[in-house]
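Inspection log for the structure reproduced underneath, given as structure tokens.
Coordinate-derived values only; no laboratory data. Not measured: the values here are computed from a predicted model. As a convention, Cβ positions derive from the backbone with ideal geometry for all residues, glycine included, and neighbour counts pool all protein chains shown.
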Amino acid sequence: MKPRSLLLPIQIASALLALGLGAVTSAHAQSAPLPPALRAAVMSGNSQQIAQAIAVLSGGNPAQAAALASSVVSAAERLVATNPRAAVAVAQAAVQAIQSNGVQSAAPTQIQSVLTTAARIFVNPQVTQADPAGAAALATATVQASTATNNPALTAQIATQATTTAESILASNPSAAVQVASAAVNAVNSTSVTSASPSAALQVATTASRIIANPSAQAASPSVVGQIASAVATVAATPAVYQTSPSAAIAVMSNAYAAASSSPVSATGPSALVSVTQTLTQAQASNGLNASNSSNSAQIAAILKPSPQGQAGPNTQPTANPDSSTNQQNTQNQQNNSNPTNNSGTPTVDPTQSTSPAGPR
């Protein structure tokens, strides 16, 4: 039991915080006790009540809102071990509270703290196993919030963790996995991110390409899979990204083409296959990519026109796609007359030799 002389200062500090008085630093916000109303909302696990409590207690002060959100997401992380579903709901409210432009600009340090903590929550195996849909929703929201920070390295880090989460829930919830992968790929498919964090961008594209090469993902969300295929091909063909690991980039292109040419995706329309084929054709002729990898042109040719005897299948480790080679060959019959880059040289790409670049975590 604390001495009575220490109780009064603690009670006063709690009361001041409950009234929303004074600025709170990020470190103090993470260690300070929650105001009673906010603590009650957190204990309820109701994200709407938490968001309302933050709005009332902050009194319109964006820095105070960010500090309270930082305290809330720290509380959420402490809930992971005992109540992962509640942890997700609480973290979701914290991320929601920082998404206004005023908060983003007023407290960048607290914003980064909220996002990195939320990412640790959604990537945690206890969370993905207990609440895969909730983990997916939190991952998507966190990635989207990160893009507003104008911090490409942070965006790349969050997107990398998001695709890890997406792949971990692919078997149990393929539709949610595809949605998370889409948000992550869209986040890194920008010049600022590919320039600042090319290795992380390639890691995101690599993981996302494995997801979309999986038949369950193609069946669950074929149109979104097509969009991801187009985006990951673009990311992999970016010179700064490609040169970090040409073998991994080629594997991404192979998976993108396999996904775009799969029956479920093709049934939604030709746009994905047209886009991926155009990107790969340009990459095949790129002087920059050919300088980084002397086999670039031949390897892309093998993707666009695999040989019937030894087709270059997608790099689906750790997920498999046994139908992709057949889909590639069937689609190529429609492409041969219109694609002047196809040729008879078909050196085999061995995607098992690719290595994913080490990304930030």
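Details
- Local electrostatic count at residue 84 - Lys and Arg +1, Asp and Glu -1, tallied over other residues with Cβ under 15 Å: +1
- Mean Cβ count within 10 Å, highest first, over the residues of peptides 233-239, 206-212: 206-212, 233-239
- Alpha-carbon centroids, segment 69-106 and segment 178-211: separation in whole Å: 24 Å
- Cα centroid of segment 44-66 to Cα centroid of segment 238-284, whole Å: 44 Å
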